[in-house]
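Below you'll find the structure, written out as structure tokens, and then a few comments.
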Amino acid sequence: MQDRIYLDNNATTKVDPLVENMMEPYFCKHYGNPNSLHKFGTETHPMITQALDKLYEGIHANNEDDIIITSCATESNNWVLKSMYFDAYLKHGKDHIITTEVEHPAVHATCEFLESVGMRVTYLPINEHGTIAASQVAEAITDKTALVSVMWANNETGLIFPIEEIGQVCKQRGVLFHSDGVQAIGKIPVDVQKAQVDFLSFSAHKFHGPKGVGGLYIRSGVEITPLLHGGEHMRGRRSGTLNVPYIIGMGEAMKLAQQNLDYEREVVGGLRDKLEDALLEIKDVSVIGDRIKRVPNTTLVSVRGIEGEAMLWDLNRANIAASTGSACASEDLKANPVMVAIGADVELAHTAVRFSLSRFNTIQEIDRTIEVFKKAVKRLRNISSSYGLN
């Protein structure tokens, strides 16, 4: 049996062995609650501090800012958006949120919930390039706008949004700005100061850390009602006993992610381009988005005449993991929403396949994937009921 090839790193990543080694002692050897005053607690507390320092450095946060540990970016996104109901709507009468049509379900579904309790949401359409312009945000802001929430990079296309320009617009208009940074951290530089974001969500498992731990950056002085009440953990902003090994793992994963940014751009990006170049040699195959404006690991490819699920079946039989889009919506057989948003016809919108690479992929794996993909296109088009009619 062929070795398995994992090209679905936008869904989740393997834990870097260096991260696993860093975490291991904190399960059974150093297991004290870091908030306890006895030695079992005080011996773990310094490692939490070191891990947080790595997170601050990784996103260029100031010491006065907060990075609050959460369970994942879904929690962080929910927290920011739902806090607008309490902090902006009930207190100040600001009932308007601006976001995009292609946000992750953790943002989109939360916005739909907020609409059900009286808030208004503007969903900005993406343009033919697969992103939005800062001018769209500026035009949508009103005196009732509480928050703008725009992802840093899209989970399906890898396209990078103009976060710095949007941040400038929000600052000028006095509107809070949140970005889901899940698909950016570890792939491109993320600087919360340059971007002028007030909130940034992230998950460790997207940059070779453990699952079940993430974070929320909160700019100094920004008000936010806690999502979880209880003890005084995380300065009272997020109650719950700290997950020591996972926080330590996330910190180390963040450090390694920053150290590998050049490798990600040059080597991983080179592997992605090799894959794309080979797939684009096939008739009626297209790739969504400009390479330069994408994170270096992601390719969303469309093959006319072939359902995305059918292609995944052939790839999976060859032990190659890919995706048709967001892993959190993988059971939804609707057309790829990004393909729909950029104006693809109904048939083409069902043909998207996403490959997302990591620093652990090899050129041999890419060569094997190209070989399998080309054979699958030939087989599936031969049995297609529509392709031969085009």
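The values are calculated or read from the model by the stated rules, or taken from the named source; none is laboratory data. All of these numbers come straight from a predicted model, not from anything done at the bench. As a convention, Cβ positions derive from the backbone with ideal geometry for all residues, glycine included, and neighbour counts pool all protein chains shown. SASA here: full protein model, heavy atoms, side chains in, ligands and nucleic acids out. Shrake-Rupley method; radii C 1.70, N 1.55, O 1.52, S 1.80 Å.
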Can you give me the solvent accessible area of S149 with a 1.4 Å probe, rounded to the nearest 10 Å²?
0
The distance between the Cα centres of the stretch 220-283 and the stretch 59-134, in whole Å, is 18
What percent antiparallel are the DSSP beta bridges of the chain, to the nearest 5?
55
Name the residues whose placed amide hydrogens come within less than 5 Å of the amide hydrogen of G214, ignoring near sequence neighbours (fewer than 5 apart) on the same chain.
T70, S71, C72, A204
Of the beta bridges DSSP finds with both residues in the stretch 162-298, what % are antiparallel, to the nearest 5?
60
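For the chain, what does -39500 (n - 2.57) per DSSP helix run (n ≥ 4), summed and divided by total residues, give at 222 nm, in deg cm²/dmol to the nearest 500?
On the way: 14 runs with 139 residues, N = 390.
The helix contribution divided over the chain gives -10500 deg cm²/dmol.
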Which ³J(HN,Hα) values, rounded to whole Hz and listed in residue order, are derived for the stretch 66-73 from phi using the Karplus coefficients 6.51, -1.76 and 1.60 in 6.51 cos²θ - 1.76 cosθ + 1.60 with θ = phi - 60°, glycine and proline given as x?
10, 10, 9, 6, 10, 7, 4, 5
What do you get for Rg/Rh of the stretch 1-140 when both radii come from the Cα atoms and Rh is the Kirkwood radius?
1.08
For the stretch 257-312, what size does the Cα cloud have along each of its three principal axes, sorted from largest down, in whole Å?
41, 21, 17
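According to the square roots a ≥ b ≥ c of the eigenvalues of the Cα gyration tensor, what is the shape class of the chain, taking rounded for a/c under 1.5, prolate for a/b larger than b/c otherwise, and oblate for the remainder? Don't jump to the answer; show the numbers that get you there.
On the way: a/c = 2.13, a/b = 1.31, b/c = 1.63.
Oblate is the answer for the chain, as a/c is 1.5 or above yet b/c matches or exceeds a/b.
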Protein-only accessible surface order, largest first, of C111, C72, C28 at 1.4 Å:
C28, C72, C111
The answer for V121, listing residues at least 5 apart or on another chain whose modeled amide H is closer than 5 Å to its amide H, is I97
Which angle between 0 and 90 degrees, to the nearest 10, do you get for helix 308-317 versus the longest principal axis of the chain when only C-alpha atoms count?
90
All lysines inside 22 Å of K283 as judged from Cα atoms, apart from same-chain residues fewer than 8 positions distant:
K274, K374, K375, K378
Rounded to the nearest 0.05, FRET efficiency between E20 and R317 (Cβ-Cβ, R0 35 Å) equals 0.70
Please list, in order along the stretch 144-151, the HN-Hα scalar couplings obtained from phi with the Karplus expression 6.51 cos²θ - 1.76 cosθ + 1.60 (θ = phi - 60°), rounded to whole Hz, x for Gly and Pro.
9, 6, 9, 8, 10, 10, 9, 5
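With contacts defined as alpha carbon pairs under 8 Å and 6 or more residues apart, what's the relative contact order of the chain in percent? Before the final figure, lay out each step's value.
On the way: 756 pairs, mean separation 88.7, N = 390.
Value for the chain: 23 percent.
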3J(HN,Hα) from dihedral phi, the stretch 157-170, Karplus parametrisation 6.51/-1.76/1.60, rounded to Hz, x for glycine, proline
8, x, 5, 9, 8, x, 5, 5, 5, 5, x, 5, 4, 5
Could you please tell me the mean projected area of the C-alpha convex hull for the stretch 199-274, averaged over all directions and given in square nanometres to one decimal?
6.5
Listed here are the pairs K187/K293; K82/K194; K91/K194; K82/K293; K54/K206; K255/K293; which of them are more than 20 Å apart at the Cα?
K82/K194; K91/K194; K82/K293; K255/K293
